[in-house]
Amino acid sequence: MKTNSSAIIVPAPSSATNGAPTNSLAAADIRDIKAPVEIPSGWLWLWCVLGGLGIALASYVAWRYWQKHRTKPKTQELIIPPHVRARRKLEQALSLIYEPRPFCILVSDTLRVYLEEAFSLRAPERTTEEFLDELQSSALLSFSQKQSLGDFLMRCDLVKFAREEPTVDRLKELHSSALRLIDETSVFLQRPSPPAEPEPPVPPTSNPPPMITASGEPSQPQPPSLTSEVVAGDSMAEQTSEILNRKS
């Protein structure tokens, strides 16, 4: 069959030409296998947190140790005299005035501790009889004070051990006798020490300054003059010779 149109006949692509570009693109798209990515586990974070807490705790302990043992300025301690402490305890004992036994125990112990601290008498660790026997040979208290102290301790022992129930007025008398004994004996603790005697002045040992003459030069010290002694000796010799001549 004949036609008048001129047609362009495109040959069909062969399999060889179509396969080459396709294979090159596929080869370029395929990449090498990468190494596996490590995923951090929860234990690592736990150990990191525990390590940080341990460092913080060690720092705190070191800081506390330094604060405790660092050199601190020494503060002057206020020393309270024994009679002042005893008076304060006796004032506190008044709150137990309606409880005879606790009141007598506190008042008696206060006076015993005062005597030990002020006069080195071992009153707290001894019975009343032992303490009074030792007190008789002591010259620290007068005879009336020893009698007052013995009567006070014996009345306190009756309340502590014999279960005696004294009245409030008698308890106030015990309190007053304890205060009176402390006031009388505290005088020995408040005596001021005698002042130290001043040292006598030391005479100067330096030589007197030299005299300055009219020429401006220092004068030399002169030996003591013997003229008067020589004259006196000559007069005595003359008188002796005259007496001898008269006798002859």
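The values are calculated or read from the model by the stated rules, or taken from the named source; none is laboratory data. On a predicted model such as this, the values are computed, not experimentally measured, just so you know. Cβ: placed from backbone, ideal geometry, glycine included. Neighbour counts: every protein chain shown.
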Item to check | Unique residue being among the aliphatic types (A, V, I, L, M) and touching a residue at least 60 places away in the same chain (Cβ under 8 Å) when the list is 78, 111 | outcome: 111
Checklist entry - Out of all the residues in segment 165-178, which are crowded, with 16+ Cβ neighbours inside 10 Å and either of a type in the set (A, V, I, L, M, F, W, C) or under 41 Å from the mean Cα position of the chain (by Cα) (or both)? => result 171, 174, 175, 177, 178
Item to check | Among (1) basic (Lys, Arg); (2) modelled with pLDDT of 85 or more; (3) out of contact with any Cys (no Cβ under 8 Å at 6 or more places or on another chain), the one test that residue 126 misses | outcome: (2)
Checklist entry - Does residue 162 satisfy the condition of being within 21 Å of residue 119 (Cα to Cα), loosely packed, with under 13 Cβ neighbours inside 10 Å and of a type in the set (A, V, I, L, M)? => result no
Checklist outcome for this item: Across segment 156-175, the tally of residues that are assigned to a helix (DSSP H, G or I) and within 14 Å of residue 96 (Cβ to Cβ) stands at 8
